[in-house]
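Single-structure report; data block below.
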Amino acid sequence: MIDPRTAIAFIGGGNMASAIIGGLLQQGTPAASIDVVEPLPAARQALVDKYQVRAHEQAGEFLRNAGLVVWAVKPQIFKEVALALAPTVGQALHLSVAAGIASDSIAQWLGNERIARAMPNTPALIGLGMTGLYARPTVNAAERQQIERIATAVGDAVWVEREQLLEAVTAVSGSGPAYFFYVLEAMTDAGEALGLSREQAYRLAVQTARGASELARQSDEPAELLRQRVTSKGGTTHEAISTLEAGGLKPLFAKAMQACARRARELGEEFGKG
C-alpha cells in the first residue's frame, strides 16, 4: 500500500499535469502512487497508456489517500471544483498551477492554509520549464522541498517570498516563451525577405536562439556583457542593435511585461473571488 504522505493526486490531467507526471516518474516516483482526475476520456486514456497511473473520470474517496494534491484545472472552474472536493482533500498539502488564483482564495475554498502556487511555462512539456514558486507561511521546510521536487521534475524553479511577485514571474517566464516565439517569427520573416527560404531562415533563427540561450545559461557573465562581446562598434551587429534601440525595443518590452503582470493580477481578481 502506498504511503499517503507520498501519494499524489492531480485534479486535471491536461498537458501540464502530464508533463509533471512524466518528470516525476523519471525521478523515480512510482506510478502506483499517482491518481489523476480527468473527465475527458481521450486525455484520461492517454495518461493510462503513457504512464500507467490511475486515471479517474471523477473524484472519489481515493483522494483521501493523497498527501499532496496538484491543482491543474482552468482558473474559471477552480472555485467550483475546490468547493466540491474540500471535504475530501482539505487536509492534504496543495499545489496550484492555475494561473492567477491567489492562495487566499484557495485557502478559503479548501479550508486549509497549506497552499503553494507554481507558475510554470510551456517548455515544461519537454523538461526545460522554468517555474516560479510561492508557499504560504504554514507550509514547512519539508513540504517546500516536496513542492520544489514537483516543479523541478520539468525543469528549473525559483522561489519568491511574496505572492505578488508571481505576477512578475508570469511576465518574465510564464508568458516569456511567447516573446521568444514572436522574435523567431520576426527573424524568420526578415530572413525570408532578405532572400533565404522560409525553412532556412527559421532553422537559422531557432538554432541561434538555442545556442545563445545555452551560452547565457553556462556563462557567469550578464547578458549585457555577452551582447557587447559580439557587438563591435561600427560592425554589422552594432548596426542591428542600434536600429533596435532607436525603435525603443527595451521600453516596449517593459511596457509589454507590465501589461502582462497587470493582466495576471486582473485574472486573479476575476476568478479568485470568494
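The values are calculated or read from the model by the stated rules, or taken from the named source; none is laboratory data. Since this is a predicted model, take the numbers as computed values, not measurements. Backbone-built Cβ (ideal geometry, glycine too); neighbour counts: all protein chains shown.
Restricting Leu252, Leu165 to residues that are more than 26 Å from Tyr134 (Cβ to Cβ) and not polar (S, T, N, Q) narrows the list to Leu252. Residues in region 53-68 that are within 20 Å of Leu25 (Cβ to Cβ), of a type in the set (Gly, Ala, Ser) and touching a helix residue (DSSP H, G or I) at 6+ places or on another chain (Cβ under 6 Å): Ala55 only.
Within the option set Ala102, Ala98, being crowded, with 18+ Cβ neighbours inside 10 Å, in the same structural domain as Gly13 (by TED's automatic domain parsing) and more than 14 Å from the chain's Cα centre (by Cα) holds for one residue only, Ala102. Among the residues of region 205-259, the ones that are farther than 22 Å from Pro177 by Cα and of a type in the set (A, V, I, L, M) come to 4 in all. So, Thr243, is that one exposed (fewer than 11 other Cβ atoms within 10 Å of the Cβ), of a type in the set (Val, Ile, Thr) and part of a helix (DSSP H, G or I) or not? The answer is yes for Thr243.
Going by the structure shown, is Ala201 out of contact with any Cys (no Cβ under 6 Å at 6 or more places or on another chain) and closer than 22 Å to Gly174 by Cα? So Ala201 fails the test. Contact map, region 50-73: first residue in the same structural domain as Ala92 (by TED's automatic domain parsing), second residue part of a helix (DSSP H, G or I) and basic (Lys, Arg), Cβ cut-off under 8 Å, separation 6 or more or different chains; pairs are Ala55/Arg44; His56/Arg44; Glu57/Arg44.
Residue pairs whose Cβ atoms lie under 7 Å apart, separated by 6 or more positions or on different chains, with the first residue in region 159-170 and over 18 Å from Asn140 (Cβ atoms) and the second of a type in the set (Gly, Ala, Ser) and part of a helix (DSSP H, G or I), are Glu167/Ala261; Glu167/Ala264; Ala168/Ala261; Thr170/Ala261; Thr170/Ala264. Checked against (1) surrounded by fewer than 14 Cβ atoms within 10 Å (Cβ to Cβ); (2) outside the structural domain of Met16 (by TED's automatic domain parsing), Ala141 passes all but condition (2).
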